[in-house]
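In what follows, a structure is listed as structure tokens, so that the remarks can point back to it.
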Amino acid sequence: MLKHLLISNDGLMIASALPTGVDEDRVGAMSAALLSLGDRAGRELARGSIDRIMIQGEKGYVIMTSSGDEAVLTIMAKPNAKLGLIFLDIKRASEALAKLI
């Protein structure tokens, strides 16, 4: 099962399913800041709008994407995760959540 968060663009937690011991507020603030910075870098470097920000570490992935204009969807996945399927699920979930927000 993927661990996930839905965060407002200003970093406030809307909903989460994270493991115990993870500071939701800190992860929320970092996710919103990283997505905002990535979007700015994409525009300034003439790459256009970004689809997602992905961090790959030895223990897995953290993937952030916009969910409409109001929120950030952050997913944490294991290192052996099938990224193609995750990207597809993230796209579907972010579109569905954007309609609800």
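The values are calculated or read from the model by the stated rules, or taken from the named source; none is laboratory data. Please read all numbers here as calculations on a predicted model, not as lab measurements. Because the Cβ atoms are built from the backbone with ideal geometry, glycine has one as well, and the counts that use them run over all protein chains shown.
Taking region 66-80 as the range and being free of Cβ contacts under 8 Å to residues at least 60 places away in the same chain and at negative phi as the test, the residues that pass are 66, 78, 79, 80. If you filter region 39-59 down to residues that are surrounded by fewer than 16 Cβ atoms within 10 Å (Cβ to Cβ) and within 21 Å of residue 2 (Cβ to Cβ), you find that the one that is modelled with the lowest pLDDT is 51. Here the strands (runs of 3 or more DSSP E) wholly within the chain that include at least 3 residues being within 11 Å of the chain's Cα centre (by Cα) are 3-8, 53-57, 60-67, 71-77. The C-beta contact set for region 43-65 (first residue more than 14 Å from residue 94 (Cβ to Cβ), second residue surrounded by 10 or more Cβ atoms within 10 Å (Cβ to Cβ) and among the charged types (D, E, K, R), distance under 9 angstrom, 6+ apart or interchain) comprises 59/78; 60/78; 61/78.
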